[in-house]
Amino acid sequence: WNDGAKRKAQEGKFFCPLHCYCYTFLLDYTMGSTLSLAATYCFCTSAGSLCNSCLGSTAAGTTGRKRAVLLLTLAISIALWFQYSVGPGIVQETGWVWKTYRAIPGSGKLVFSAWKKGCDQYEGDLLSQCAGQAGVYRSMFLATLFFILSAAATHVQPQLNREAWPAKYAIFCFAILITMFVPNTPLFSGFFLWFSRFGASVFVVLQQVILIDVAYNWNDDWVEKSNEADRISYGSGGGWLKAIVGTCVLLYSCAIVGISILYHFFDGCPENTWVITLTLLGIIAMTGIQVAGQDGSLLTSSV
């Protein structure tokens with residue numbers, strides 16, 4: 001460097017090759033960061049718009065029904081994963097989930113003890129099935145607790161039903177991780193198992209009432225359409241009546257096939273045979289009552 005070069009460098013009129021390289025690097029880094037931020041912004045904006053389009057918005061007057069269905073779907077998927085992969089893998093000490101927890105100091109023993117508790121009397125495949133079922137109880141327990149708390153919170157603050165769903169998903173997933181360390185009994189294979197049995201019985205009764213109501217409305221709607229068609233052109237409403245009969249035949253055929261499959265695969269003990277036979281007799285009895293009554297409906301019986 002001579003005096004002239006130094007003076008030009010100090011005045012900003014001269015750059016050495018190192019300065020040029022650093023300047024170019026900073027320019028490229030700044031442009032790259034800007035492009036990355038722009039791409040990230042576009043991606044997040046598009047993802048948010050897609051979620052709002054598919055799952056609804058959070059505007060006033062909307063609900064979080066679609067987001068709730070998505071969380072329930074997630075819970076069911078996790079339950080199936082726990083039943084057929086995670087649970088059997090932990091008690092058999094195989095699989096990447098078990099290896100991951102075993103790699104964490106102290107975690108492997110806690111997880112193994114938690115998933116085997118209540119299944120100690122079983123071995124082999126029965127042990128895997130017991131642990132898998134306990135895995136189902138974990139996910140479903142959290143889903144039940146989530147929706148009960150969500151219903152209570154929504155009753156107090158209705159807007160909570162449509163807001164804060166990312167936080168709700170995060171809390172649910174974090175709770176799933178915590179349940180990995182919670183023993184099967186008494187919470188899951190004890191309390192929640194019996195709570196589920198009671199809830200399932202209530203659900204079946206309510207489901208039957210809803211189905212009967214739907215079947216009556218369905219039958220009345222098609223009969224009304226048949227009558228309207230006959231008023232316009234006599235005899236043209238027969239198609240709707242034939243559709244009712246065809247639907248009845250299809251549903252009764254499905255019922256007969258289903259009961260035959262139940263007899264074939266689940267007649268190993270007297271209790272199963274008794275329940276299947278009772279179901280068959282119930283179908284016959286309800287059909288007879290419907291046919292004998294003046295306001296009876298074969299479509300309702302078939303449903």
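A simple spin-label model places pseudo-atoms 7 Å from Cα toward Cβ; at L80 and I210 they are separated by 2.1 nm. Net charge in the neighbourhood of W98 (other residues with Cβ under 15 Å of its Cβ; Lys, Arg +1, Asp, Glu -1) is +3.
In this structure, D120 and S253 have a Cβ-Cβ separation that, at R0 = 35 Å, corresponds to a calculated FRET efficiency of about 0.15. Spacing of the modelled spin labels on H155 and T100, each 7 Å from Cα toward Cβ, amounts to 3.7 nm. Only protein atoms count toward the accessible area here, which uses a 1.4 Å probe; on the range 117-249, the carbon and sulfur part of that area reaches 70 percent. Sequence-ordered 3J(HN,Hα) estimates for the range 187-204 from the Karplus curve with 6.51, -1.76 and 1.60 and θ = phi - 60° stand at 6, 8, 7, x, 4, 5, 4, 6, 4, 5, 4, 5, x, 5, 5, 5, 5, 4 Hz, glycine and proline given as x.
Electrostatic bookkeeping for S150 treats Lys and Arg as +1 and Asp and Glu as -1; over the other residues with beta carbon under 13 Å from its beta carbon, the sum is +3. Over the range 190-291, accessible surface divided per residue gives 73 Å², non-protein components excluded, 1.4 Å probe. Electrostatic bookkeeping for T185 treats Lys and Arg as +1 and Asp and Glu as -1; over the other residues with beta carbon under 13 Å from its beta carbon, the sum is +2. From most to least packed by mean Cβ count within 10 Å, the peptides 72-84, 103-115 give 72-84, 103-115.
The values are calculated or read from the model by the stated rules, or taken from the named source; none is laboratory data. Since we're looking at a predicted model, the values are computed, not measured. Because the Cβ atoms are built from the backbone with ideal geometry, glycine has one as well, and the counts that use them run over all protein chains shown. In case anyone asks, the SASA skips ligands and DNA or RNA and just uses the protein heavy atoms, side chains included. Shrake-Rupley method; radii C 1.70, N 1.55, O 1.52, S 1.80 Å.
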